[in-house]
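Remarks on the structure that follows.
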Amino acid sequence: MDADEVTALLTEFAAHGLRAWVAGGWAVDAVVGRQTRPHGDLDLAVDAAQQAEVLALLHRLGFAVTVDWLPVRAELTAPDGRRVDLHPVAFQPDGSGVQEGLDGASFGYAADGFVEGTIGGRPVPCLSVAQQLRFREGYPPRAVDQHDIALLRAVVG
C-alpha cells in the first residue's frame, strides 16, 4: 500500500466517523515525516467499539477478511493485494486502551500514545514514538524492527 492509498483509506474512516490510528511500519514513517521503507500492509489500531462498522466499511471498499483472530486482530486483503491489519483497542475512560492478545495476553496503550504524524505530506492519526517503542520490546528484533527502532530512537534523541 502506498502513501496515497493509506491517506485515502484514513479519509474514508474519518468521513464515516471511525476512529483509527496508523500503527506498525507506517506509524514509524508518520512520526518521522517521510516514508523510509516499503510496507507490505497497513496496521491500524481501531476503536473496538466500532469494530463492526470498520469491518463493514472495509468490505464495501472491496476488502475481505483473510485472517480472523478477532478480538485480537484481523487481516483484510483487497483484490489488488492491498492489506490492512486491524488491531481493536478497547478504550478506558482516561483515554488509555487495551488490545487483547493471544492466550490471555493483552497490550496496553497509554492515553498519550495516540498522536498525529504525517504521511505523504498529510496529517494522520498514529501511535506515538513511546507507544511504538513499547510494542517493539520483548521479542528478538527482525532487521525491519531494528530499522524502525533506530528511526524511533532518533526522533526522541
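Below are the figures for this structure:
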| quantity | calculated |
| --- | --- |
| Sites ALA130 and ALA64, calculated FRET efficiency, Cβ-Cβ separation with R0 41 Å, nearest 0.05 | 0.75 |
| Estimated vicinal HN-Hα couplings, Hz - the stretch 106-111 in sequence order (Karplus 6.51, -1.76, 1.60; Gly, Pro = x) | 8, 10, x, 10, 5, 4 |
| Of the GluC sites (Glu not before Pro) in the stretch 71-157, those whose Cβ has at most 12 other Cβ within 10 Å and which sit in DSSP loop | GLU137 |
| Volume in Å³ per residue [convex hull over Cα atoms, computed for the chain] | 114 |
| GLU116-ALA90 FRET efficiency (beta carbon distance; Förster radius 22 Å; 0.05 resolution) | 0.50 |
| For the stretch 6-100: relative contact order, % (alpha-carbon pairs under 8 angstrom, 6 or more apart) | 24 |
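Every number in this text was worked out from the coordinates using simple rules, so none of it is lab data. These numbers were taken from a predicted model, which means no experiment stands behind them. Glycine also receives a Cβ, built like all others from the backbone with ideal geometry; neighbour counts cover every protein chain displayed.
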